[in-house]
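A short write-up of the structure that comes next.
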Amino acid sequence: MKYIDFANFDSLNFQGIDQDAELIPLLTPEDEQEMNNEVIPETLPILPLRNTVLFPGVVIPITAGRDKSIHLIKDANNGSKTIGVVAQNDESVENPGAGDIHSLGTVARILRVLQMPDGNTTVIIQGKKRFEIAEMLTEEPYMTARVQETAEVRPEQGDQEFLAIIDSIKELAQKIIKDNPNIPSEATFAIQNIQSNSFLINFVSSNLPLTVVEKQKLLEISDLQERALATLKYMNMELQKLELKNDIQSKVRHDMDQQQREYFLHQQMKTIQEELGGLSYEEEVDELRERAEGKKWSDAVAEHFDKELSKMQRMNPQVAEYSIQRNYLDLFLELPWDEFSKDRFDLKKAQKILDRDHHGLEEVKKRIIEYLAVLKLRNDMKSPILCLYGPPGVGKTSLGKSIAEALGREYVRMSLGGLRDEAEIRGHRKTYIGAMPGRILQSIKKAGTSNPVFILDEIDKLSSSYQGDPSSALLEVLDPEQNAEFYDNFLEMGYDLSKVMFVATANNLGTIQPALRDRMEIINVSGYTTEEKVEIARKHLIPKQLKEHGLPKNAIRLGKREIEKVIEGYTRESGVRGLEKKIAKLIRYIAKSIAMEEAYSPKITTEDVETILGPARLERDKYENNEVAGVVTGLAWTSVGGDILFIESILSKGKGQLSITGNLGKVMKESATIAMEYIKSNAEDFGIDPEVFNGYNVHIHVPEGATPKDGPSAGITMLTSLVSVFTQKRVKKNLAMTGEITLRGKVLPVGGIKEKILAAKRAKIKEIILCEDNRKDIEEIKADYLKGLQFHYVTDMSQVIQLAITEKKVKGAKKL
């Protein structure tokens, strides 16, 4: 066998090996015939390779680092020097077994074993023949297997097609070596001197930059002509990649040369224009100056614009700052300086628009009409900063459009949810590449007037980060005393926002920065009653959904009773967003029947509602009559509106311990403790034997323990529950209450009254006990919504007990 000395061929990864080992075998046909006649052993030690595949005839170095591999190489080198080499399925497997290697590999002969300076063992091996594992015999101390030779199908002698493929492989290999600067040109000599066709195919396949999977597929092709064609395909792909890479590098160099050429041409053109008496870029500057003449701005703004225009005139158009300066001047010209839309002062028409678009919301509408009235009388009033606060789906955002239409102003909306970059509000400084104004000025520019209705949506969902605090940046925007000179970092001048009517929306006032909250007028947009939801569904939701589903107005008929069924059985919210989804589902059912040409009735009955939407799921707020002592109905406020809750108390033999369960917060636990202590100090007034407290444990529970509950609304409810259980007297039927207590027995007012009243009405409650100070909240609710309810206003806990506890003891009362 002949060898060519080739020490520096990087593709073979021979770096660091003694130069005598850096040899590429040049197999002659005689060598190939001798290799084919060799008989491989029936059993072989199997060496798994991580990231390479060995082909017959090819010499490669491998580094052995695993203990099993080192042991195998040591035994084989001292014996027959013949091993089986197989590629791993997954190179990340550290200790491969029989299932982690391919079944087809190459018989290899160990040519040399070298101990490297870093302690690893490097082995130079040469592939001989392909084999297939018939049976795995052992896995310790290394894998051994019974193998059988896998013969190759070779083309007939003188096959012209095969010889043409071989010539193409040689030609492509030389092109790749020529185009790839990482392969030394001496490799061409090696390719030209390979006499064996099969070795040429295997040698090129081994050195192509392919994955282990792709090389394994080549090795597994038994037909030598098919393997040659597959190798040729991969070589063509590699050559195309090299040509594309070289072409891209050539274009990049060309583009840089072209850019420099254009720069010099521009400089020469500028010089020529100056010699001819003209001014460079004068047309662009004249256009900007002409646009500026029609602007309604103050002398200070005009002076600043002229100064910045002169600065741009002195700039080189090729520098990045030129485009920023041009954008800056465009912003100046596009902002509506002192341009205002004329307000509409027809208050009756404004009231009609508000009533048309929104059912209920009387307090909000009243405030808008009041603003219009004052503006009509003075015509110079600064716009107020309103904050519509309430649960989701009550129409806070859509109210902004109605306000804009009622006022005759432009409407812009800016969503603040998740905003955490202060520059989104104040803009970026011009010194930064890609600088732009803040979204406040961008929205004003889009509106085209300086007095639009500006909706700041989800102001409670602002966040802060290392890029600043946007809520602090909004302080100047929403301060009527400061926003006449709002400073944007990009504009670098004050802009008057005092005529803008800002309307913010929020779901939770607790997350709004206190200073920001102080600058706004809070208007509570509470939830809708069932009657209001029915009207909203009839006037707004059903027509809207029919239009969106492409159906005529008479395609569906939903009566009041059916709508109430949807509201009470399928939605649990203060707003109407969930109701709209359920109505859409009903309409989709009709749309499907029409599209499939099925018979249907446009009249939807309550039975049809259950058929389409399924059984009603929301029945937990129904009042439960009870015949047991210690059970009281309370009223609570949640993020989706009002709700009723039951407070239960029970006595058991013990030493007077108080237990409280139901996933309650600190405030409710404190209310229970206060109620217990108040009863102990006034036991005789309630007819309770003081000895009872030492002989019985008390357990207070609020059902639905998985739902967190807290708030200062359950004080009187807990006290009533405890008095009921100690006296063994039942609480009156169809009665609910809400209020907080003090240690002196005083009843304190609570919030969320409207939502709580709605919950009581849904639950068929007849009587409600409230603090006297909450009377004003009831008076603000329409009388129509209070039909069937009787209110008891109290100031002291003794009044609550007189109203709530019956004189008759419960059936089977305990003797305490």
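Where a number appears in this text, it was derived from the coordinates with a stated rule and is not lab data. Small disclaimer: the values here were computed from a predicted structure and weren't measured. Heads up, the Cβs are rebuilt from the backbone with ideal geometry, glycines too, and the neighbour counts pull from every protein chain shown.
Could you pull out every residue, at least 5 positions away or on a different chain, whose amide H is within less than 5 Å of the one on VAL576? Hs are placed 1.01 Å off N in the peptide plane, and Pro or chain starts have none.
The list, which skips near neighbours in sequence, is VAL394.
Is the chain rounded, prolate or oblate when judged by the Cα gyration tensor, a ≥ b ≥ c being the square roots of its eigenvalues, rounded requiring a/c under 1.5 and prolate requiring a/b larger than b/c?
Here the chain falls in the oblate category.
Run the reach check for LYS680 against aspartates and glutamates, Cα to Cα strictly under 12 Å, same-chain hits fewer than 8 apart removed. What comes back?
Partners found: ASP689, GLU691.
Semi-axes, largest first, in whole Å: what does sqrt of 5 times each Cα gyration tensor eigenvalue give for the stretch 2-219?
They are 28, 21, 16 Å, listed from largest to smallest.
Distance check, please: which entries in LYS732/LYS809; LYS295/LYS445; LYS582/LYS787 exceed 18 angstrom between their Cα atoms?
Those over the limit are LYS582/LYS787.
With contacts defined as alpha carbon pairs under 8 Å and 6 or more residues apart, what's the relative contact order of the chain in percent?
With pairs under 8 Å counted, the relative contact order is 7 percent.
Can you tell me what share of the DSSP beta bridges in the chain is antiparallel? A percent to the nearest 5 is fine.
55
Find the relative contact order for the stretch 2-219 and round it to a whole percent, using C-alpha pairs within less than 8 Å whose residues are 6+ positions apart.
24
Quick one: the Cα spread of the stretch 631-809 along its three principal axes, in angstroms, biggest first?
On the principal axes, the stretch 631-809 reaches 50, 34, 26 Å in Cα extent.
Identify all aspartates and glutamates with a Cα-Cα distance to LYS709 below 16 Å; exclude those on the same chain that are fewer than 8 residues away in sequence.
ASP621, ASP643, GLU648, GLU670, GLU740
From the gyration tensor of the Cα coordinates in the stretch 154-251, what semi-axes in whole Å does the equivalent ellipsoid have, largest first, with each one equal to sqrt(5λ)?
Those come to 24, 16, 12 Å.
In whole Hz, with x marking every Gly and Pro, tabulate ³J(HN,Hα) for the stretch 603-615 from phi via Karplus 6.51 cos²θ - 1.76 cosθ + 1.60, θ = phi - 60°.
Working through the residues one at a time gives 7, 9, 9, 5, 5, 4, 4, 5, 5, 7, 8, x, x Hz.
Would you list which lysines come within 16 Å of LYS175, measuring only between C-alpha atoms, while excluding same-chain residues fewer than 8 positions from it?
Cα-Cα hits under 16 Å: LYS233, LYS241, LYS245.
Under 5 Å between amide hydrogens, which residues at least 5 positions from ARG112 or on another chain qualify, with H placed 1.01 Å from N in the peptide plane?
ILE124
What net charge is computed for the residues neighbouring ALA145, neighbours being all others with C-beta under 12 Å from the C-beta of ALA145, Lys and Arg scored +1, Asp and Glu -1?
Summing Lys/Arg as +1 and Asp/Glu as -1 gives -3.
In bins 5 Å wide, starting from 0, what share of all Cα pairs of the stretch 707-791 does each bin hold, as a percent?
Calculated over all Cα pairs of the stretch 707-791, the distribution is 3, 13, 23, 24, 20, 12, 4, 1 percent.
Kirkwood Rh, Cα Rg: Rg to Rh for the stretch 440-501?
Expressed as Rg/Rh, it is 0.96.
What Kirkwood hydrodynamic radius do you get for the stretch 347-524 when you take the inverse of the mean 1/r over all pairs of distinct Cα atoms, in Å?
When all Cα pairs of the stretch 347-524 are included, the Kirkwood radius is 16.7 Å.
Check TYR495: other-chain or 5+ apart residues with amide H under 5 Å from its amide H, H built from backbone geometry?
PHE486, TYR487, ASP488
Could you tell me the distance between the Cα centroids of the stretch 413-455 and the stretch 326-341, to the nearest Å?
The distance from the Cα centre of the stretch 413-455 to that of the stretch 326-341 comes to 14 Å.
Lys and Arg at +1, Asp and Glu at -1: add these up for the other residues within a Cβ distance under 15 Å of GLU38 and post the number.
Combined, the nearby Lys, Arg, Asp and Glu give -2.
Net charge around ILE83, counting only other residues with Cβ within less than 11 Å of its Cβ (Lys, Arg = +1; Asp, Glu = -1)?
Summing Lys/Arg as +1 and Asp/Glu as -1 gives +2.
Treat the count of other C-beta atoms within 10 Å as a stand-in for reagent exposure and order THR449, THR529 from fewest to most.
Sorted ascending by nearby Cβ count, the order is THR449, THR529.
Can you work out ³J(HN,Hα) from phi for every residue in the stretch 490-498, in order, using Karplus 6.51 cos²θ - 1.76 cosθ + 1.60 and θ = phi - 60°, giving whole Hz and x for Gly and Pro?
Here the 3J(HN,Hα) series is 6, 5, 6, 8, x, 10, 7, 10, 5 Hz.
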